[in-house]
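Structure record follows, encoded as structure tokens.
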Amino acid sequence: MKRLHYFLFLALFACMTMSCQQGEKSFFSDKEYREQVKTDFQQRESMVSYKRAKALFSVFDKPDLTLEEREALEFLFAYMPLNDLADYDGDFFLSQVRAAFEARDFFEWGAKVPEEIFRHFVLVYRVNNENLDSARIVFFNELKDRVKNLSMAEAALEVNHWCHEKVNYRATDGRTSSPLDLVRTAWGRCGEESTFTTTALRAVGIPARQCYTPRWAHTDDNHAWVEVWIDGKWHYIGACEPEPVLDAAWFTAPAKRAMMVHTNVFGKYTGEEEKNVDKPMFSTINLLSNYTDVREAKVLVTDADSKPVADAKVAFKVYNYAEYYSIVESLTDSAGKASIYTGLGDVLVWASKDGVFGYAVSSPKNENVTVVLNKKEGDAFEDSYEIVPPPEKIVAGVASDLAAENGRRSRLEDSIRKAYMDTFIDEQTAKDFASKLNLSADETWKYLNSAQGNWRDIQKFIGKHKDDKYLFPFLSSVSSKDLRDVPEHILTSHLQGFHKIGIKTGTPDDIVTRNLLSPRISREIVRPWRTFFQNEFGSSIVNDVRENVGEIVNYVKENIKIDEEQNYYNCPITPRGVHEMKIADQQSRNIFFVSLCRSAGIAARLNMATGRPQYYDGEWKNAEFEDNTKEIYPQATIAFVSAKENVLKPQYGSHYSLARFQDGDFVTLNLRRNDVPVSIDEGYYRLLIGSRANDGSVTITNKYFVIKEKQSLNLEIKMPEVVRKVQVLGIIDMNTKITLTTGNETTLKDLSNGNGVVICFADPDKEPTKHILQDLPARTDELNKWGGGILFLVPDDKLSSAFDNKVFKNLPKNTTWGVDNKRALLNETISTLKLEFNDDFPLTLLLTNNGGITYHSSGYKIGIGEDIVKTIK
């Protein structure tokens, strides 16, 4: 009844205000589009629970709300992902609308932006799956005077310089921090940098969108960057990696080898781009042709009798990190056909329907493939093939005078960022703080150092709970990113809630820390759900359910409706949001279940390998939400055994993976350990093993097999052979003098130790160099055994006062850092190898003891350390 009265009030209020808004400017010039938005908004409004409806839609009661603001809000509410409806309120979205309109009206270029471009790429508050905040308002106030007198193109470049002052690249986990949290930390991965930069550009009224290559084809990993709309055309920039011109970035060459570049577009979008996905609330558009040549990969799916199969699921996949990753998924039409526009490389086409599957490789020479659905669960067989990526292409660099000036600015921006980071707590101050509290100095420093710009909150938390025996176990249970961006009061609420409810008898200490004490469940925003649920349900949360978790399972099944379409950014809904909305995707529902259990003192988790929600009751049991879920699955044991002839020790997730058959496809298991036997569910599996050659091509073997309950199986990991021709590509004088960053001098011969030397010409400010600095530690044992030298040479024009090589940890023991004055050795190397380099850092060489170049790689590539080890051996 409350819900009915509330919506009747809204309808009456709308009627009263319509007459006041006659003659006001509408947000939509297209009447048909406006009516569609209104219809979609009303449908969305009707599905929202009463509690959430009041928090969201009472914003329409504001007397100063204009017609344009009202319609913009209706557009946002009609198409926003489910987590935003669940976790934020109407006042927040109104502030976003007003900030977008203020920027449009403040800057001269605002009048140039077409309505549709503004609607989808300026107004929209969300970029991807980040935590939301008021960054747009903060950034506008900080940037407006800096860019107001510039052209639109100049302003976009200047915003990126500002972004570089605030944030630089460093690898981190997959949860996306909010833009303001990223500023506080001063670094983040490419997905966070591009989210931050897109937000900053939209804050000043410049249309922007985050672009992704979901997975590279020529190397492992992925990348994200930004496109900006300038005077009628889309251009690209590297986020927080400013260049002096548009359409220039270190990833220009890698993008020409991409098999897909795409972006999600909020709302009903009618742009000209090819759509990979077209849903009622969003679309995913294909941007690959903006970067490279494309082809249409066509597939015909038939049954075993050669009859076309309609509505078969088709996934176009690339090999990356030892698995087949879907870059596009679709259904076949009535004639059994499907297609995508992709790059000039190979793509695995996987098709399935009703549990039957088949696959084929589509290549530029074989664009039209037929996939026969003639394989089923339980079929045991092996096969092998090669996947070839698009060929490498040479790209032009930026003019040298522009690059030099841009380098000067970048070094200044590095110093600005470093000056801010120097305000973070230092080791001695942290240890003095610990001493006053009689706490472990090393433990205290570890957490305060990890907190980076959030150190004051973590210091406050430590001081407040100094006498709590669970203080350090609690801090160990959260991620490093949580330490960087979760406020003290939220951490305190969880620790207090843990003590209020206690621990279910019989729960082991290690499980208590990881799966009960911790406020972190998956990749959701950490909010104070523990105390919220304890207050919401009272004593019943312990008295009624602690000994009968089935009560929680039933409550969730009966009260939470599953919807896999509406939460399209895959940003988990918070537990409280699920509770109040009563609608969630499965992942958010599972997080909700775990949070309820932990709030009742019951250890619970999402299984690391399978993602299933589980609770601890003497052993781990599955929460039975779906009809095909079992409380305990029959278990088998597998062990991975490296073949003796392997050149290097294969690693899970880099060279091989194990995937279990589910709904017509194989889902990769997330296994942390590959050196000990592992328990897995019985079932039908695929073992995939891949060897990548220096040109990016991959030779793959697949083994399909069944493993039954209580069966133990040793799986031999034999790396497929790849033709590797080691030849001398040029000669470098080993008596060349090297100036070290310490100021001392040495020679390449001295560094080689009689075994050779790896030289990496590095730009330490850019992401590709940081990847090799992450690659080499994984090969430390092999490189230490080899005994040669590792030399990182930074051109003097790339060296800034902020540079500190001590931040790069766990490198091989013979690693040395030097300065290449006036690029003398770099230019000699480029001339010797006859390269068109164009500042495509890092340039990595392997030299023999006599100076022979036996390996080189330039630009972005994952696995350079592995390539070097293979070449050495």
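A few notes on this one:
- Amide N of region 382-413 lying under 19 Å from the label point, which is placed 7 angstrom from the Cα of residue 293 along Cα→Cβ: 388-396
- Reference-scaled alpha-carbon Rg (2.2 N^0.38 Å with N residues) for region 761-873: 1.01
- Prolate/oblate/rounded label for region 181-228 (Cα gyration tensor, a/c 1.5): oblate
- Whole-Å distance, taken between Cα centres, linking region 426-445 and region 103-147: 43
- For the chain, adding -39500 (n - 2.57) for each run of n ≥ 4 DSSP H residues and dividing by the number of residues yields -10500 deg cm²/dmol at 222 nm.
- These residues, 871, 66, go from largest to smallest accessible area, 1.4 Å probe, as 66, 871.
- Electrostatic tally near residue 393: other residues with Cβ closer than 10 Å to its Cβ, Lys and Arg +1, Asp and Glu -1, net 0.
- Label-zone membership for region 801-839, site residue 651, 7 angstrom Cα→C-beta point, backbone N under 17 Å: 808-813
- When peptides 663-670, 393-400, 125-132 are sorted by average Cβ neighbour count within 10 Å, with the highest value leading, the order is 125-132, 663-670, 393-400.
- When the residues 192, 24, 721, 565 are ordered by accessible surface, computed with a 1.4 Å probe over the protein chains alone, the sequence from largest down reads 721, 565, 24, 192.
- Descending by average beta-carbon neighbour count within 10 Å, the peptides 176-184, 293-301, 640-648 line up as 176-184, 293-301, 640-648, the highest first.
- Ranked from largest to smallest solvent-accessible area, with a 1.4 Å probe on the protein heavy atoms, 770, 51 come out as 51, 770.
- Accessible area of the chain belonging to carbon and sulfur atoms, whole % at 1.4 Å probe: 47
- Positive minus negative residues near residue 29 (Lys, Arg vs Asp, Glu; Cβ under 14 Å): -4
- Region 323-357-region 638-678 distance, computed between alpha-carbon centres (Å): 25
- Remark: relative contact order (the chain) = 10 percent; criterion is Cα-Cα distance under 8 angstrom and separation of 6 or more residues.
- Taking the average, over residues, of other Cβ atoms within 10 Å as the packing measure, peptides 520-530, 254-264, 374-384 rank 254-264, 520-530, 374-384 from highest down.
- Available extension along the chain between residue 381 and residue 785 is 141.6 nm, counting 0.36 nm per residue and deducting the alpha carbon span.
- Cβ-based charge dipole, region 746-826, positive-most Cα from 771, 819, 789: 789
- In the context of the full protein assembly, residue 499 retains an accessible surface of approximately 90 Å², using a probe radius of 1.4 Å and ignoring ligands and nucleic acids.
- Tail beyond 16 Å, pair distance distribution of region 718-826 (Cα, percent): 63
- Subtracting the Cα-Cα distance of residue 409 and residue 721 from 0.36 nm times their residue separation leaves 107.6 nm of extension gain.
- Cα-projected label distance for residue 148 with residue 423, points at 7 Å along beta-carbon direction, nm: 2.5
- By DSSP, the beta bridges lying fully in region 474-625 are antiparallel in about 75 percent of cases.
- Candidate aspartates and glutamates for bridging to residue 561, where Cα separation is under 13 Å - those fewer than 8 sequence places away on the same chain excluded: 580, 585, 626
- Pairwise Cα distances in region 308-453 exceed 17 Å in 75 percent of cases.
- Reachable lysines, given that their alpha-carbon falls under 17 Å from the alpha-carbon of residue 481 and they are not under 8 places away in the same chain: 446
- Accessible area of residue 139 in the full protein assembly, 1.4 Å probe (Å², nearest 10): 0
- Accessible area per residue, Å², region 227-288 with all protein chains present, probe 1.4 Å: 32
- Taking label positions 7 Å along the Cα-Cβ direction at both residue 442 and residue 307, the computed distance is 7.0 nm, reported to one decimal.
- Extending 7 Å from Cα along the Cβ direction at residue 535 and again at residue 61 yields two label points whose distance is 2.1 nm.
- Full extension of the chain segment joining residue 370 with residue 745 gains 128.7 nm, where the gain is 0.36 nm per residue of separation less the Cα-Cα distance.
- Taking every protein chain into account, the accessible area of region 610-701 amounts to 44 square angstrom per residue (probe 1.4 Å).
- Only protein heavy atoms count here; on that basis, with a 1.4 Å probe, residue 443 has an accessible area of about 60 Å².
- Only the Cβ atoms of Lys and Arg (+1) and of Asp and Glu (-1) were treated as charged; on that basis the dipole of the chain about its Cα centre amounts to roughly 1460 debye.
- Cα-based shape type of region 474-609, given that a ≥ b ≥ c are square roots of the gyration tensor eigenvalues and the cut on a/c is 1.5: oblate
- Rounded to whole Å, the principal axis extents of the Cα atoms in the chain read 86, 75, 72, largest first.
- Prolate/oblate/rounded call for region 238-279, Cα gyration tensor, a/c under 1.5 rounded: prolate
The values are calculated or read from the model by the stated rules, or taken from the named source; none is laboratory data. As the structure is a computational prediction, the values presented were derived from the model and not from experiment. Glycine gets a Cβ as well: all are built from the backbone with ideal geometry, and neighbour counts include every protein chain shown. Areas reflect the complete protein model, heavy atoms only, side chains present, ligands, DNA and RNA absent. Shrake-Rupley method; radii C 1.70, N 1.55, O 1.52, S 1.80 Å.
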